[in-house]
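A quick write-up on the structure given underneath.
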């Protein structure tokens with residue numbers, strides 16, 4: 001199934017805009033959320049084809065939100081790519097254990113991001 005709709009979960013307005021600009025300029029439909037608490041109901045409501053998830057968020061963190069998405073029968077088919085400043089191998093492994101399909105370290109390389117998205121589609 002080709003990826004068309006992407007939900008970007010990012011608390012930094014600057015990073016959120018950068019990601020949204022990269023995606024929309026490449027033909028993706030983008031919606032955003034500034035926290036996990038805002039994102040989780042949006043995932044169920046909008047049923048995006050992909051979620052890009054930051055880890056360091058106010059309140060619930062991105063690992064917890066990724067686990068919630070990947071464990072819920074209604075949303076477990078939606079892939080999550082974690083996009084984080086946390087670049088240690090243990091961070092990546094932990095993110096994948098929570099159900100993420102991939103892990104990208106910020107600052108985001110747009111070519112890498114687009115390649116990872118197209119490999120899921």
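Points to keep in mind about this one:
- Flag for residue 63 being in a helix (DSSP H, G or I), surrounded by 17 or more Cβ atoms within 10 Å (Cβ to Cβ) and within 12 Å of the chain's Cα centre (by Cα): yes
- Evaluation of residue 119 against the conditions (1) without any contact (Cβ under 8 Å) to a residue 40 or more places away in the chain; (2) closer than 16 Å to residue 49 by Cβ; (3) outside any loop (DSSP other than H, G, I, E, B); (4) within 13 Å of the chain's Cα centre (by Cα) shows that the sole unmet condition is (4).
- Whichever residue in the stretch 76-92 is touching a strand residue (DSSP E or B) at 6+ places or on another chain (Cβ under 9 Å) and surrounded by fewer than 18 Cβ atoms within 10 Å (Cβ to Cβ) and, among such residues, is nearest to residue 11 (Cα to Cα): 85
- Here residue 8 fits the description: within 16 Å of residue 100 (Cβ to Cβ) and assigned to a strand (DSSP E or B).
- Candidates are the residues of the stretch 28-46 that are within 13 Å of the chain's Cα centre (by Cα) and outside any helix (DSSP H, G or I); the one that is nearest to residue 93 (Cα to Cα) is 35.
- Leading residue by the ranking (nearest to residue 56 (Cα to Cα)) among those in the stretch 14-30 that are buried (at least 17 other Cβ atoms within 10 Å of the Cβ) and touching a strand residue (DSSP E or B) at 6+ places or on another chain (Cβ under 7 Å): 16
- Index of the failed condition, residue 52 passing every other in (1) more than 19 Å from residue 112 (Cβ to Cβ); (2) touching a helix residue (DSSP H, G or I) at 6+ places or on another chain (Cβ under 7 Å): (1)
- Screening residue 45 with (1) touching a strand residue (DSSP E or B) at 6+ places or on another chain (Cβ under 9 Å); (2) without any contact (Cβ under 8 Å) to a residue 60 or more places away in the chain gives one miss only, at (1).
- Any chance residue 18 is outside any helix (DSSP H, G or I) and within 19 Å of residue 106 (Cβ to Cβ): no
Values quoted throughout were computed directly from the atomic coordinates according to the rules given, and no laboratory measurement underlies them. Just so it is clear, the structure is predicted and the values come from calculations on it, not from any experiment. We place every Cβ from the backbone using ideal geometry, glycine too, and count neighbours over all the protein chains shown.
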